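Written out below as structure tokens is the structure these notes cover.
Please treat every number below as a calculation from the coordinates, not as lab data. These numbers come from a predicted model, not from an experiment. Using ideal geometry, Cβ is built from the backbone for each residue, glycine included, and neighbour counts are taken over all protein chains shown.
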Amino acid sequence: MATAREWLSAARPRTLPAAVAPVLAGSGAAAAVLSFSLWRAALALVVSLALQVGVNYANDYSDGIRGTDEVRVGPMRLVGSKRAAPATVKRAAFLCFGIAGAVGLVLAAVTTWWLVPFGVAAVLAAWFYTGGPRPYGYAGFGEIFVFLFFGLMAVLGTQYVQAERITYTGLAAAIGIGLLACALLMVNNLRDIATDTEHGKRTLAVLLGDRLSRYVLLLMIGGAFLAVAVIGLRHPWCLLALLALPLAVPPVRAAMSGARGPALLPALGAIGRLEIVWAVLLTAGLVIGR
């Protein structure tokens, strides 16, 4: 039976910045139009965290029953290591989705019920990433999901539930966050190219190949800082986020030097730190400059 520490490890804490960063950026975009709401931001954070952990448990379950995690390079998986029954991990995933849905309904009730279909879409996308008979994460579409739901929807949704409007600043911030979240997934899939290929999991990294995937990763990270420059045209204080550039050096160096397998594990943590610092500095710039 899995311990509490093993359940926490399977929730993959290093991916949690991908849940926190968009709420920070969206709240900063709301603050820029004088509409910040602490309690709405807090509820948006609960939704984002619950979805992220739910996705991780759903992937653990679906990859585990397919045998994809039998030879694991990264953090432990509960089903693949046989530390927890598949049905138990599946229930944990749906519990997280239920929490996200319940809190999301509260936000919809105080803003607009049009948020509900977006929430349903997010949960379905989270499950069918690796679940169902034809998971789109096995067909190279994972980065699209991450960009849409942990980038655009998470940031703009957070801004909307506070400001009840979406701005160009919020959109640019969402693009930056989405690209960094995609970079995190790209490093993860770059690390697993060999095992994913063996098990028929055709991620974007598998489809592009090792070398091209590394250049795409570089473009993703560069695009996030280009988004900062765009925001800085209207909000100069947001150029503070460029101070996060040194944090991009270690993962870029690891990728472009040809690091493979376990050697890419530090790059995952590095991109997570980069995303959260990028979001904190951008949000600080939006708050200062308002």
Express in nm, to one decimal, how much length is gained between residue 87 and residue 207 on full extension, taking 0.36 nm for each residue of separation and deducting their alpha carbon distance. 40.1 nm
Calculate the FRET efficiency for residue 242 and residue 34 from the Cβ-Cβ distance with a Förster distance of 25 Å, rounded to the nearest 0.05. 0.50
So how do 82, 201, 90 line up by other beta-carbon neighbours within 10 Å, fewest first? 82, 90, 201
On Cα atoms only, tilt of 210-234 relative to the major axis of the chain in degrees: 10 degrees
Pairs of Cα atoms under 8 Å, at least six residues apart: use those to get the relative contact order of the chain, whole percent. 25 percent
Exposure proxy ranking, count of Cβ atoms within 10 Å, fewest first, for 96, 238: 96, 238
How high is the FRET efficiency from residue 118 to residue 219, r the C-beta distance, R0 45 Å, rounded to 0.05? 0.95
Take the Cβ-Cβ distance between residue 229 and residue 4 as r, set R0 to 45 Å, and report the resulting FRET efficiency rounded to the nearest 0.05. 0.55
Only counting other Cβ atoms within 10 Å, I'd like 63, 196 sorted with the fewest neighbours first. 196, 63
Nearest 10, in degrees from 0 to 90: the angle of helix 17-31 to the longest Cα principal axis of the chain is 10 degrees
Reduced to Cα centres, the span from the stretch 235-289 to the stretch 109-148 in Å works out to 26 Å
